[in-house]
Structures are given as structure tokens and as C-alpha cells.
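Step one of this worksheet: look at the structure below.
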Amino acid sequence: MKLRLKTKFTLTTSLLVLGVVALTSTLYVITLTHQVIRQAEDRAQQVAQKVFFQADRALADAVKEGAAPASESPADLREYVRQSLFQNVGLHTVIDAELGYGPLIYEVTIVDGNDTALVSSDARLLGQAVPLRIPLKQLAHSNFVDQLRIIYGPPRVYAVVLPFNLGKEPFGEIRIAAQTGLLRSEVSPGLRRAGWFALGAVLLSTLLAAVVSQASLAPLARISAQLDRISAGEFDLKPLESGDELGQVSTKITQIGHQLRGVREIFSTLRENLNQIMSGLEDGLLLFTPDGRAVMVSPAVEKFLGVPADALLGRPADEIFPAGHPLRQALRLEGNQFAPVAAAEVVLNGASGADPGASGSGRRVGLSVQVITEGGTRMGSLVTLRDLESLERISTQLQLSERLAALGRVTAGVAHEVKNPLNSMRLWLENLKNALPENQEIPQQAVKVLDTEIDRLDRVVKRFLDFTRPVELHLQEINVAELLAEVVGVARPQMDRARIEPVTQFPGDILTVNVDRELLKQALLNLVLNAIEAMPNGGRLTLTLARRGEMAEVSVADTGCGIAPEHRSRIFQLFFTTRPGGSGIGLASAFLIVQLHNGSIDFESEVGRGTTFRVGLPLAL
Ligand SMILES: Nc1ncnc2c1ncn2[C@@H]1O[C@H](COP(=O)(O)OP(=O)(O)O)[C@@H](O)[C@H]1O
Ligand SMILES: [Mg+2]
């Protein structure tokens, strides 16, 4: 059972008061009971004393009147005393008066040495043996509980006894009996008073405690409301204006609120940064708690495990990599515990649920596990997954673009150095042409050949210069599908001529990229023209557009001759061509253009079956 603080406070106060009141009431009742019994004893003693004096006087009166015992025998003496007492009116008056005075005295009897009643307030006892009563002193000396039990139990008779002598000789006793039932009526009002007092005190204290707790706990309710607001994200609070401890607590809560706001801001910035970093990662990262639950998963993990990162969060390692999982052995996972793995390589095939777009045979994945410890305590484990093939591809692309840049630097100079001599050669050739006699066959022929060769050289240098000239990009947002349709339109006559059937596969949603429209169109057209040239006897040209994460991917697939393995590393090089009349500029410039747009370009090819070029471009935000 949960009690409110106010109720607890009230209840405790009431109980405390009840305890104190019960204690004082008990003491009061004990004293009262003692007093009543003592009074009863005193009174019985007084009565006994009075009766004693009166009895004494009665005997003296009898002597005065000349009465005397018949003989010295004890029986006659006894009879004489009985007569003297019994006939004395004063004694009877005293006895009656004492009995009538108050309810306490129950019976007054004078007995002889054999306990036989000589005089008694109860006429039935006269001449009878009077039973011995328990002394009232015994009740006075018994403990409080026994006293109450006796007083409130069935009525009992107690007595005060005063020995009664005749001359020097003991003769009998005066017995004053008091009844317990009569004591009850003396104690009860006191008990009742104590009861009412206790009840009153408890009620009053409960009421007071309720009022006081209400008043003193009110600031607590406001502090609680303050905390509620902080947990709801309202950090700028004013503290309660009160100088006591609650006011201090409230001020501290306000300070905590301010600190919390700072912490939350730092935390959300951190989280944002972390998410940004994670989403930009090519590697799949999984961070596990010491008990093996995934607490951070980078989006790239989906490429390796085929499950979205969000779906993995909070799941135990044993569930993410169940027994039989292709990565499990390399991860050295025991239950939910990772062991450190410096570097391992695993081949994932399509069936493992990895990248659905992966090409059948499987891909190589690099894997490492770092166990994070701090001061000897295990803090967690970090699993890193890396696509080794795409790494290799990226490094070839990097090499290519570096080479391209170097080429650009070299050729720029060379081109200028070649262009000027070429111009002067052409001038001198013109002069030579005019100066040659009309009829000389061979020099005429030679000049013609020189002329065309100089032209060819000039064109090559021009292309060189074109290629290496720094380009200025005119970026605009374009719909990639539209641009592709345009490219197909431009290449349509060539396709018709070669009996090539174009197929387009565009997604339902619009993909836009921020690019230089003319340059990109040129690059895509180069790929399409190459594909057409690879299928002189007809075939199928498939243009596909798809979204891959944050990229738009265009693929140009043909069913042509394919690229021989020994040419694959060279096809992006400037002036590399295998075609008679080819320039070797198409792919080089496509590569350059894609690089300028922070894109990627690669290809897959199989001799005799066809080639697919893939261009990735960052989607416009
Ligand atoms: N779709 C393709 N199929 C087969 N080979 C291709 C394809 N695209 C390009 N190539 C090869 O790459 C070489 C370079 O192409 P490119 O730079 O466009 O120059 P060019 O078209 O002038 O030969 C081509 O000569 C050809 O061998
Ligand atoms: Mg070409």
C-alpha cells in the first residue's frame, strides 16, 4: 500500500500522540486505582477504629451498670461480652451509620476467638462462624493489572481486621468487609475520563497534523511540479521564493535544470554529429554493450547483413549472428561475448542475405573486432565490416584520376610547346606549296602528306588542350530520367542503323541531381555510343536508373563484344582505343566529367556477352 506523504505525516503524529496519551492515561488510571483502594482501606480502618472505640465504651458501660460475667469460665466471659456488645445501642448506631454513610463498606462484624459473630451488620451471621476474608492490604499491594481484573471481575469481598483485646488478653476481631464491585463505581468514571481524554487528544492531534502537513507540504507539491516540467524539457524555471530548506532544494533543482539543458544540447549535437559520421561511413560499424547488445549500428551495415540498421539496434549479438551465420566463426563470438579479431576476411554470397544487388559469386568482406576496455573493465565491443572489393575499386579509380590529373599537368605544357611550332610549320608549308613547280609529282605528294599529318597533329593537340583545359561547371538541378531520354533520342539514328533495340528502366520516383547538364549529357552519350559501337550486328541496349542510398545510379548495358581482360585497366586512359578510327577520348572524358561531379564510374564486362557501365551521382538534396 502506498500512502501519500501527508497521510503518513498525519498518521505518525496521531500515533505518537496516541502513545503519549495512552501512557499518561495509564499512569493516571494506575494512580487512581491505587488511590481508590487506599481510600477504601483507610476508610475501613477508620470504621474499624470507630467500632473498636464504641465496643470498648460498650464494655465500660456494662461494667458501670454493674453487669459481670456469670463465672470466670471462658464461655461465660464470652457470653458476657456478647451481651454487653449486643445490647449497646451506641454500637449499633455507629455500625448502621457507617454502613449507611457510603457504598464502600459492605459488612461490619465483631467475632470472638472462634470466628463466631457476636455482633454483625448482617443479622444472619449472628452466632455463625464467619468465613475468613482476604485482607484488603493484599489487594492494595497487588499489581495494577490484577487490581483492575479484580475490580472489573466478579464481585469479591476483602476485609480490614482489627484485633480486639479483653484487658490484656486477645479476645476477638473487628472485621470490616469491603466489596470490589463497590470499588468499580469509584474507578470507572476515572477510566471513562481517561478514555475520552485520549480520544479527544487523538482527534485533535490528527486534525492539527492534517492542517500542518497540508501547509508544510504544499511547497513540495510545487517542487514536484517543477521536476515534472524539467523532465518534460522545460529547463528555464524560476525557483520557489522561500528561504527555508524547500526553497534551497527548489533553487538547486533550477540549477540542475540549467545544467541539464546544457548537457542535452551537447548530447544532441554529439548524436547528430555521430549520426552524420555514421551515415557517411562506407564501413559497417556495430557497437555492442559489455553484455552483447547492439547500441550503435551504422547504416552501411545493411549492405553486409541485409537488415536495416534500425532493426538491429538493441538486439543481442547472438541473435544478429546466429549459429551458422557466415560471419559468426570469423567474429569468434561465444554466446554474446566477442573476442578481439585483428583482421579477418570472409566471402559473403548472395544467399546470406547480403546485398541483393551483389553479383552471384560472392564478395569479399573484411572484418575486425575491437574489445574496448577501460581500467581493465570491459566497456563494449566494436565490430567493423568492410567491403574489400569496393575498396579496391575505389583505389583504382583514385589511381586513375591521379594519373589523369598528372597527365593534364604535363600535356598542358607539351601542347603549347607543340602548337606553336605546328603553326609555323603550316605557314612554311603554305610557302613551300606555292614555291613548288607545278609538274613535280613527288614533292607535290610529299607536301600533301605533310599537310594532312600536320592537320592530324593539330587536331590531336587541340583535343589534348580541350581535354586538359580547366572546365567551369554550370550546375543546375536536372531530372536524370529526362536527360537519359534525351541521350537516347540523340543516339536513335545510330541505333536504328545497327538494329539495336533500346530498353529503359526508370524508377517511379523522380531522381534529381545537381550537375552541368551539357557535360553530363556528353558523358552519358559517350557511354551509349560506345555500347552501340560494341554491337555492330545489333543487340539490346538497356538504360537503367535506380536509387542507391544517397546516389542516383545510371547503368548502360549492352549485349556486345565485351572488353578483353588485358584492356580493362586501360580503357579510361586518354587516347586508348581498340577501334580503327577511334579517338580514345570518349571514356577518358566521361571519367573526367563524372569525377568533376563527385560521382563514380565503373564497369563489368564479359567477352562475347556484353558490358555494363555504371555511373553514380550524388542526389540533389
Ligand atoms: N561498351 C563497350 N563494349 C566494348 N568495349 C568498349 C565499350 N566501351 C568502350 N570500350 C573499349 O574502350 C575503348 C576506349 O573507348 P573510348 O574512350 O570511348 O574511345 P573510342 O570509343 O574512341 O575507342 C574502346 O576502344 C573499346 O575498346
Ligand atoms: Mg568512344
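The values are calculated or read from the model by the stated rules, or taken from the named source; none is laboratory data. Bear in mind the structure is a predicted one, so any value in this text is a computation, not a measurement. For neighbour counting, all protein chains shown are included, and Cβ atoms are generated from backbone atoms with ideal geometry for every residue, glycine included.
Just so you know, in the range 561-576 the residues that are within 22 Å of Arg463 (Cα to Cα) and buried (at least 18 other Cβ atoms within 10 Å of the Cβ) include one that is nearest to ligand 1 (Cβ to nearest atom), and it is Ile571.
Restricted to the range 556-572, and to residues there that are among the charged types (D, E, K, R) and part of a loop (DSSP other than H, G, I, E, B), the residue that is nearest to ligand 2 (Cβ to nearest atom) is Arg570. Looking at Pro163, Pro170, Pro154, just one residue is under 30 Å from Glu72 (Cβ atoms) and without any contact (Cβ under 8 Å) to a residue 24 or more places away in the chain, and that residue is Pro163. Contact map, the range 460-484: residues that are in the same structural domain as Met551 (by TED's automatic domain parsing) and part of a strand (DSSP E or B) paired with residues that are loosely packed, with under 15 Cβ neighbours inside 10 Å and of a type outside the set (Lys, Arg), Cβ distance under 9 Å, separation 6+ or inter-chain. Pairs shown: Asn479/Ile510. Could you please let me know if Phe144 is surrounded by 19 or more Cβ atoms within 10 Å (Cβ to Cβ) and either in contact with a strand residue (DSSP E or B) (Cβ under 6 Å, 6 or more places away or on another chain) or of a type outside the set (Gly, Ala, Ser) (or both)? So Phe144 does not fit the description; no.
Any residue in the range 137-159 that is assigned to a strand (DSSP E or B) and of a type in the set (Gly, Ala, Ser)? Reasoning before the result, please.
Start the filter on the range 137-159 by keeping residues that are assigned to a strand (DSSP E or B), which leaves 157-159.
After this cut, where a residue has to be of a type in the set (Gly, Ala, Ser) as well, the list is 159.
Yes.
A single member of Leu621, Leu545, Leu592 is more than 22 Å from Glu392 (Cα to Cα), under 53 Å from the mean Cα position of the chain (by Cα) and either loosely packed, with under 13 Cβ neighbours inside 10 Å or within 16 Å of ligand 2 (Cβ to nearest atom) (or both), and it is Leu621. Of the residues making up the range 153-181, those that are crowded, with 18+ Cβ neighbours inside 10 Å and farther than 16 Å from Phe52 by Cβ are Tyr158, Ala178, Thr180. Is at least one residue of the range 584-603 touching a helix residue (DSSP H, G or I) at 6+ places or on another chain (Cβ under 6 Å) and of a type in the set (D, E, K, R)? Checked the range 584-603: at least one residue is touching a helix residue (DSSP H, G or I) at 6+ places or on another chain (Cβ under 6 Å) and of a type in the set (D, E, K, R). Is it fair to say Thr611 is more than 26 Å from Ser279 (Cα to Cα), assigned by TED's automatic domain parsing to the domain that holds Ala481 and either of a type in the set (Lys, Arg) or within 12 Å of ligand 2 (Cβ to nearest atom) (or both)? Judged against the criteria, Thr611 is not a match.
Of the listed requirements (1) in contact (Cβ under 8 Å) with a residue 12 or more places away in the chain; (2) farther than 20 Å from Phe576 by Cα; (3) in a helix (DSSP H, G or I), Asp496 misses just one: (1).
Restricting attention to the range 277-333, the residues that are closer than 28 Å to Glu392 by Cα and not hydrophobic (A, V, I, L, M, F, W, C) total 16. Regarding the range 74-96, can at least one residue be identified that is more than 20 Å from Gly181 (Cα to Cα) and of a type in the set (Lys, Arg)? Yes, because at least one residue in the range 74-96 is more than 20 Å from Gly181 (Cα to Cα) and of a type in the set (Lys, Arg).
It is to be established whether one or more residues within the range 283-296 are part of a helix (DSSP H, G or I), of a type in the set (A, V, I, L, M) and surrounded by 15 or more Cβ atoms within 10 Å (Cβ to Cβ). Reasoning before the result, please.
As a first pass, look at the range 283-296 and keep what is part of a helix (DSSP H, G or I): none.
Within the range 283-296, not a single residue is part of a helix (DSSP H, G or I), of a type in the set (A, V, I, L, M) and surrounded by 15 or more Cβ atoms within 10 Å (Cβ to Cβ).
For the criterion of being assigned by TED's automatic domain parsing to the domain that holds Thr612, assigned to a strand (DSSP E or B) and surrounded by fewer than 18 Cβ atoms within 10 Å (Cβ to Cβ), Asn514 passes.
Taken together, the criteria place Phe603 among residues that are outside any loop (DSSP other than H, G, I, E, B), closer than 30 Å to Leu281 by Cα and within 12 Å of ligand 1 (Cβ to nearest atom).
Of all the listed residues (Thr577, Thr612), the sole one being polar (S, T, N, Q) and in contact with a Gly (Cβ under 6 Å, 6 or more places away or on another chain) is Thr577. For the condition away from ligand 1 (no atom under 16 Å from the Cβ) and either hydroxyl-bearing (Ser, Thr, Tyr) or surrounded by fewer than 19 Cβ atoms within 10 Å (Cβ to Cβ) (or both), Leu475 qualifies.
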